[in-house]
Amino acid sequence: MTQTTANKTIVTPGLAFPDVIFEQTDTGAYIVYNRHEQKFLVNNNPWNSFTHNETRYIPLKRVPWPTAHIPKDYGSEEALFNNIKNFFIEHLDVANELMYDVYAAFVLASWLPENFTVVPYLFFLGPLASGKTRALECFHRLCYRSIMATSISAASLFRALEAWHPTILLDETEIYNRKEMVEVLAILNSGYRRGQYAIRIEKVQNNVPQIAVFDTFGFKVLAGTQELADTLQSRCIITKMSKAVRPVRLFIDEEEAQELRNQLLMYRFKNLSQSQQPNHLEENECQGNSRVLELFVSLFHVAPTPTIKDHLKQAMKQIVQTRLNEEQTSIEARVLDAILKCEGKVENGKLTIQAVTEAYNESLPEKEQFTSRQIGRIVARLGFEKCKAGSKGLAGFFWDTKIIERLKMRYYPN
């Protein structure tokens, strides 16, 4: 592969093309890999720039994430996976041991973001001094282009994601529930699926808004003391943290982390696909919960052995059951219960909101009771069509057996 005269120059930490991949290392120069011949390209001098298709690429002056030094052989993918898993076991104590397999798969997948159309987020939830920041530190050392921030503005996040497609690590996520941080929340909500973009008006020139489009897709790890907004939390694999009950390393083993990054860079060069990968999981494996299925597609793809795949499936099923338990105690499920209790009160295919409200409030303390207006909103949210019901023309809804059966399948699949 020969270097040609360049017509333009772009500053980048690295890119992947069908014939070549190059990545900036801690030397400040590129490592260049020929994908067709599966070998590294050697230059008389370090690759302080690289020209491809008449474009000259030069490295960043300063890279804002831990980098590899030089690609190193890792033996087998199973050995690399187990070394990453052991790194987490040595540095982090979590109650569910299956999560160590999830973390190792997440790290591997983060080095191949171009392979996937949907990716998971990880969320570490717990009180102060429960190991959340330590978890972020572990991912910061191992994930591809990992940028760690306690607080980051929407503008900075937009530009970092668009320019470098990094793995974003955000601590103290409770601050993103504030009104002024709503743009960051929007980025996080959209960035789990490829092809969803953030659109911002950069400025208005001659009364014409100048619109910028940002690609927010990428792996993200979050940590906080409070639950996230429902829409965002549903995109996360959650670890509930508590104080460590077994000894872990006091400080991050930087030498081991550097060695793993060197091996992970080699893993990227060898495993980055020319096309996005198909889904190897079936929806029936997660009881029809497609959102949970999406969380595990990329992790399952990089799992190197059937045993590890089985561990990931077990973790996935636990999450499905947890979400089902949460749904069954939700306000929507409780209103559905009240609706089913009122089946005998249906007249001419209609049921009054008042009847459902009385059934819902039965045996509840007065402070916990809902008004008919509140129940009516929830009934509408469940999908029922409003109407006048009963001899007095009270607010009600049509008794729709198809909707009821669908709701039963959702809240009571067993």
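The values are calculated or read from the model by the stated rules, or taken from the named source; none is laboratory data. All values reported here derive from a predicted model rather than from experimental measurement. Cβ placement follows ideal geometry from the backbone for every residue including glycine, while neighbour counts extend to all protein chains displayed.
Tell me yes or no: at least one residue of the range 130-147 is modelled with pLDDT under 95, part of a loop (DSSP other than H, G, I, E, B), in the same structural domain as LEU299 (by TED's automatic domain parsing) and surrounded by fewer than 23 Cβ atoms within 10 Å (Cβ to Cβ). Yes, because at least one residue in the range 130-147 is modelled with pLDDT under 95, part of a loop (DSSP other than H, G, I, E, B), in the same structural domain as LEU299 (by TED's automatic domain parsing) and surrounded by fewer than 23 Cβ atoms within 10 Å (Cβ to Cβ).
The residues listed here are ARG406, ARG381; of these, the one that is loosely packed, with under 14 Cβ neighbours inside 10 Å, without any contact (Cβ under 8 Å) to a residue 24 or more places away in the chain and either under 14 Å from ALA355 (Cα atoms) or not acidic (Asp, Glu) (or both) is ARG406.
Among the residues making up the range 111-136, those that are out of contact with any Leu (no Cβ under 8 Å at 6 or more places or on another chain) and over 19 Å from VAL245 (Cα atoms) are PRO113, PHE116, THR117, VAL118, VAL119. Taking the range 197-228 as the range and being in a loop (DSSP other than H, G, I, E, B) and surrounded by fewer than 14 Cβ atoms within 10 Å (Cβ to Cβ) as the test, the residues that pass are ASN206, ASN207, GLN226. Out of GLY390, GLY383, GLY396, one residue alone is out of contact with any His (no Cβ under 7 Å at 6 or more places or on another chain), of a type outside the set (Lys, Arg) and within 30 Å of SER290 (Cα to Cα). It is GLY383.
With respect to the conditions (1) on the phi > 0 side of the Ramachandran plot; (2) touching a residue at least 12 places away in the same chain (Cβ under 8 Å), ASN206 lacks only one, and its number is (2). The single condition among (1) within 30 Å of THR27 (Cα to Cα); (2) surrounded by 11 or more Cβ atoms within 10 Å (Cβ to Cβ) that MET241 does not satisfy is (1). Against the conditions (1) surrounded by 13 or more Cβ atoms within 10 Å (Cβ to Cβ); (2) within 30 Å of LEU98 (Cα to Cα), GLU326 satisfies every one except (1). Of all residues in the range 148-193, those satisfying the criterion of being of a type outside the set (A, V, I, L, M), modelled with pLDDT of 80 or more and touching a strand residue (DSSP E or B) at 6+ places or on another chain (Cβ under 7 Å) are PHE158, GLU162, PRO166, THR167, ASP171, GLU172, THR173, SER190, GLY191, TYR192, ARG193. Condition check: among the small types (Gly, Ala, Ser), surrounded by fewer than 20 Cβ atoms within 10 Å (Cβ to Cβ) and assigned by TED's automatic domain parsing to the domain that holds CYS143. Does ALA16 satisfy that? Against the criterion (among the small types (Gly, Ala, Ser), surrounded by fewer than 20 Cβ atoms within 10 Å (Cβ to Cβ) and assigned by TED's automatic domain parsing to the domain that holds CYS143), ALA16 does not qualify. Whether a residue is surrounded by fewer than 16 Cβ atoms within 10 Å (Cβ to Cβ) and either at positive phi or not polar (S, T, N, Q) (or both) was assessed, and GLU174 passes this test. Restricting attention to the range 338-353, report how many residues are among the acidic types (Asp, Glu) and in contact (Cβ under 8 Å) with a residue 60 or more places away in the chain. Counting residues in the range 338-353 that are among the acidic types (Asp, Glu) and in contact (Cβ under 8 Å) with a residue 60 or more places away in the chain gives 0.
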